[in-house]
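J.: The following block contains the structure, expressed as structure tokens.
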Amino acid sequence: MFAQVAFSWDWDYALDTLPKIARGLWQTVVATIVGISIGMVLGLVLALLRRSRHRIIRWPTIALIEFVRSTPLLVQLFFIFYVLPNFGVVLSPFVALVLGLGIHYGTYTSESYRAGIENVEVGQWEAATALNLSAATTWSRIVLPQAIPTVIPALGNYLVAMFKDAPLGFAIAAGGILLEAQAEASRSFRPMEPYTIMGVLFLAVSIPAAFFVRYLERRYGYERV
């Protein structure tokens, strides 16, 4: 039985398909960078809204965060790309992908920001109150400069996680490394080379990114045991 299975690797075909898959990798990287940018900004906004004294703001924010975190990213992508057009919101596949990534991971980064904010010593808040500083000054000059550095390693972990989730964009034809590899394998009926190259290229980006996150953890004293 094993004699019927032959290892077949065509270097000419592999080298021919490499640029196409590399182009897909670049699309995945761009989607990840745009998505994490949206996620970090949105996460900070959600974290601030969650700390609002007004229940009409705080409770819907908490509900939104928990709802998004409790549903799969793929389902959210389907909703954004296929359901929103029924309400007049038509997005391109790439925009739908980065928006879905940004919203999904924005809810996770909001929890990291919240933890960082709550880690600021009570004395800092009391000092700001004693000095009669405005809320804007307190947040921009005292709280956030202390809170954000402590959550940078967590944000780095979300960057790596988002990079691994970005290929889900193939489900809505958003381009990317998985879509390119799948298209090439379907065209040539040779899945070994495209998928192997995809895996190697993926590792070539994700492993350095993981080491960078470890550097951030050491740099900001957030090493996990």
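The values are calculated or read from the model by the stated rules, or taken from the named source; none is laboratory data. These numbers come from a predicted model, not from an experiment. We place every Cβ from the backbone using ideal geometry, glycine too, and count neighbours over all the protein chains shown. Only protein heavy atoms, including side chains, enter the accessible area calculation; ligands, DNA and RNA are left aside. Shrake-Rupley method; radii C 1.70, N 1.55, O 1.52, S 1.80 Å.
J.: Counting helices only, and only those DSSP H runs with n ≥ 4, report the 222 nm mean residue ellipticity of the chain as the sum of -39,500 (n - 2.57) divided by its residues, in deg cm²/dmol to the nearest 500.
T.: Dividing the helical sum by the residues of the chain leaves -24000 deg cm²/dmol.
J.: Taking the dipole about the Cα centre of the chain, with the C-beta of Lys and Arg at +1 and of Asp and Glu at -1, give me whichever of Val41, Val98, Val200 is farthest to the positive side.
T.: Val41
J.: Going through the range 1-77, which chymotrypsin sites (Phe, Trp or Tyr not before Pro) have at most 16 other Cβ atoms within 10 Å and a DSSP loop state?
T.: Qualifying residues, ordered by number: Phe7, Trp9.
J.: Which percent of the accessible area of the range 11-220 is formed by carbon and sulfur heavy atoms (probe 1.4 angstrom)?
T.: Working: 7720 of 11390 Å².
Taking all protein chains in place, the range 11-220 shows 68 percent carbon and sulfur surface.
J.: 5 Å is the cut-off here: which amide hydrogens, built 1.01 Å from N in the peptide plane, fall below it relative to Ala173, excluding neighbours closer than 5 in sequence?
T.: Counting only residues 5 or more places away or on other chains, the set is empty.
J.: So if I place +1 on the C-beta of Lys and Arg and -1 on the C-beta of Asp and Glu, and nothing else carries charge, what would the dipole magnitude of the chain be about its Cα centre? I want it in debye, nearest 20.
T.: So the magnitude is around 680 debye.
J.: Given the peptides 88-99, 49-60, arrange them by the average over their residues of other C-beta atoms within 10 Å, most packed first. Show your work: numbers first, answer last.
T.: On the way: 88-99: 17.2, 49-60: 12.2.
Ranking the peptides 88-99, 49-60 by packing returns 88-99, 49-60.
J.: Span-like helices, the chain: DSSP H, alpha-carbon axial extent 27 Å or more, mean Kyte-Doolittle -0.5 or greater, which ones? Could the numbers behind the result be given before it?
T.: Numbers: long enough: 11-50 (56 Å, 1.15); 93-118 (37 Å, 0.40); 144-165 (30 Å, 0.79); 192-219 (40 Å, 0.80).
Length and hydropathy pass: 11-50, 93-118, 144-165, 192-219.
J.: For the range 1-109, what is the accessible area per residue in Å², given a 1.4 Å probe and the full set of protein chains?
T.: Result: 61 Å² per residue.
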